[in-house]
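One structure below.
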Amino acid sequence: MAATSGTDEPVSGELVSVAHALSLPAESYGNDPDIEMAWALRAMQHAEVYYKLISSVDPQFLKLTKVDDQIYSEFRKNFEKLKIDVLDPEELKSESAKEKWRPFCLKFNGIVEDFNYGTLLRLDCSQGYTEENTIFAPRIQFFAIEIARNREGCNKAVYISVQDKEGEKEVNNGGEKTSDSGEEENTKNRGEKEADSGEEKEEGINREEKTDKGGEKGEEADKDINKSGEKAM
């Protein structure tokens, strides 16, 4: 099957090669800088997609894997008191933390695809993927923490913040439209007033013309009467 993008357009051979390379175990490549860059790009793309997802849909209703319930249950069984809204890197990266996380992660080998694939994880769930707010974590660790954040309402802060900003934009756009409509109405009213004024002026001119003509006719009638009187005398 030919590789395709989200728009069903053929993907370039270079991207297919990169995708194939990334599908192989990371340890196969040692410290190859090109492969490390490809992994970093893939992780960044994953992060961007996930952030857009929790920004547009109430995170409480998101399902990240087919085994969300199992991941969440095992996570809270092993890390009952772990603070997940703002993570302490030591709780993930210290030697003692790694010893505790390792058996948890290995439980999902073969259950979660690419369970140990490097993924970007936010430290503060109310913030985005900035350099200061991001660390690398195994994929299963990302799923465990983000599933818990979604179910426990931590990620809702991102959703509400983005929705509020979009609502403000709509209100502002609506205000501009109302303003434009008001200007059009004012212009229309000014046009009607000018038209009415023009009609009144024209009527006034017509009345003046009629008065002048009436006066001229009266003068002519007086002249006729005077002539008739002179003839009679």
Q.
Exactly one condition in (1) part of a helix (DSSP H, G or I); (2) open to solvent by less than 100 Å² (accessible area, probe 1.4 Å) is false for ASP88; which is it?
A. (1)
**Q.** Single unsatisfied condition, SER73 versus (1) within 30 Å of ASP164 (Cα to Cα); (2) open to solvent by 30 Å² or more (accessible area, probe 1.4 Å)
**A.** (1)
(Q) From the list SER28, SER23, exactly one residue is more than 18 Å from VAL112 (Cα to Cα), of a type in the set (Ser, Thr, Tyr), modelled with pLDDT under 65 and open to solvent by 70 Å² or more (accessible area, probe 1.4 Å). Which is it? (A) SER28
Q: Hey, can you tell me all the residues within region 98-150 that are among the polar types (S, T, N, Q), part of a helix (DSSP H, G or I) and more than 17 Å from LYS52 (Cα to Cα)?
A: GLN141
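The values are calculated or read from the model by the stated rules, or taken from the named source; none is laboratory data. Computed from a prediction, not measured in an experiment: that's the story for all the values here. With ligands, DNA and RNA removed, areas are computed over all heavy atoms of the protein, side chains included. Shrake-Rupley method; radii C 1.70, N 1.55, O 1.52, S 1.80 Å.
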